[in-house]
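Below is one structure, written out as structure tokens; comments come after it.
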Amino acid sequence: MKKIIISFSLLIGTVLITVAQTVNKVTRPPVMDVHIHVGPVRSGMASMCPHFLSNMPGADPMDKTPFSFSVSDCLDPWPAAQSDEEMKTEIVKRIKDLNMTMIAFGDAGVMRSWMKEVPEGRIIPGIGYRNLTVEQFRDSLESGFYKVFAETGMNTPDEYLEVAEELNIPVGIHSGTGGNGSANISNPNYRASSMDPYKLEDILARHPKLKVWAMHAGYPLAEHMIALMGAHAYVYVDISGLIWSYPLDEVHYYIQKLVQAGFGKRIMYGTDLFYYPRMIEGSMSIIEHAQYLSAEQKRDILFNNAARFFRLDESQFDWPE
């Protein structure tokens with residue numbers, strides 16, 4: 001009887017090992033989201049419809065009824081996370097299930113709590129400059145924790161850009177639209193003209209070794225973005241924000257225009273994620289099902305271009321066998 005028990009235990013051990021190996025087997029190639037906002041979750045947030053800017057009616061300045069960036073009245077809205085723990089759970093699940101790496105910036109405490117739950121290197125921390133002196137900003141970057149300077153604006157003081165340039169830190173700069181009614185709802189000082197990709201030229205002239213990517217790909221100013229990228233060979237773009245908010249046909253038109261202009265190797269996938277976890281797979285599916293993109297171009301946008309831009313060792317990522 002003793003031999004039977006021992007043999008059975010060994011058999012069970014073998015089965016468990018086999019199951020574990022099956023569960024941990026990588027089935028998807030890596031994906032990198034280069035635009036993740038991190039911060040405390042506000043409970044009570046409503047769901048949001050993808051491509052909610054498909055209908056942007058005008059408003060009356062005399063009408064005091066508040067209007068919103070987004071809408072939730074659609075067939076399958078994306079629910080908002082309702083707590084920090086729920087948001088962390090959803091992010092960790094996607095990093096593991098979708099074989100993702102994320103460039104994240106925002107609240108350092110929240111970011112560190114996420115990082116504890118995923119393999120090392122799957123969350124690459126970024127930093128802003130608000131409320132930091134130049135000396136504090138430099139110390140933060142030299143600490144080694146932060147690898148990226150983002151999301152910053154066209155009006156970023158030169159002394160902060162000089163630090164990033166000196167330390168060879170990639171910089172993500174907001175370009176293009178800020179959403180429907182930005183100047184009316186959230187930022188009365190917002191000016192659409194200030195986000196023109198051409199505004200990057202003076203920054204690049206003053207900081208010729210700065211490694212820059214234009215967040216939101218300068219949408220909707222495709223011609224300006226194409227001209228800028230043609231003149232400045234180091235500039236990449238991400239397609240965050242626009243990919244899930246504007247009309248789907250418009251999204252495809254804009255991405256295809258950049259690819260047709262020859263910049264398929266400098267477009268990076270990003271979401272501009274804040275509180276809606278399903279934004280990740282919703283945005284990924286747009287690239288994965290784009291008929292105008294070859295399989296190679298899809299992989300470039302979803303991973304290869306970002307790995308090149310951020311100087312990452314592709315051998316350190318998990319790949320399907």
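The values are calculated or read from the model by the stated rules, or taken from the named source; none is laboratory data. Owing to the predicted nature of the structure, the values given are computational and were not obtained by experimental measurement. Cβ: placed from backbone, ideal geometry, glycine included. Neighbour counts: every protein chain shown.
Among what's in segment 236-250 and is of a type in the set (A, V, I, L, M, F, W, C) and buried (at least 22 other Cβ atoms within 10 Å of the Cβ), pick the residue that is farthest from Leu200 (Cα to Cα).
In this case the residue turns out to be Trp244.
Give me a count of the residues in segment 118-154 that are more than 19 Å from the chain's Cα centre (by Cα) and in contact (Cβ under 8 Å) with a residue 12 or more places away in the chain. Show your work before the answer.
Within segment 118-154, the first condition is being more than 19 Å from the chain's Cα centre (by Cα), and the residues that meet it are 130-144.
Adding the requirement that they be in contact (Cβ under 8 Å) with a residue 12 or more places away in the chain leaves 134, 137-138, 140-142.
Within segment 118-154, residues that are more than 19 Å from the chain's Cα centre (by Cα) and in contact (Cβ under 8 Å) with a residue 12 or more places away in the chain number 6.
Let me confirm something: among Thr133, Thr101, Thr27, which residue is of a type in the set (S, T, N, Q) and surrounded by 18 or more Cβ atoms within 10 Å (Cβ to Cβ)? Break it down into steps so the answer makes sense when it comes.
Values: Thr133 fails: surrounded by 18 or more Cβ atoms within 10 Å (Cβ to Cβ); Thr27 fails: surrounded by 18 or more Cβ atoms within 10 Å (Cβ to Cβ).
Among Thr133, Thr101, Thr27, only Thr101 is of a type in the set (S, T, N, Q) and surrounded by 18 or more Cβ atoms within 10 Å (Cβ to Cβ).
What about Gln316, is it at pLDDT 95 or above and more than 19 Å from the chain's Cα centre (by Cα)?
no
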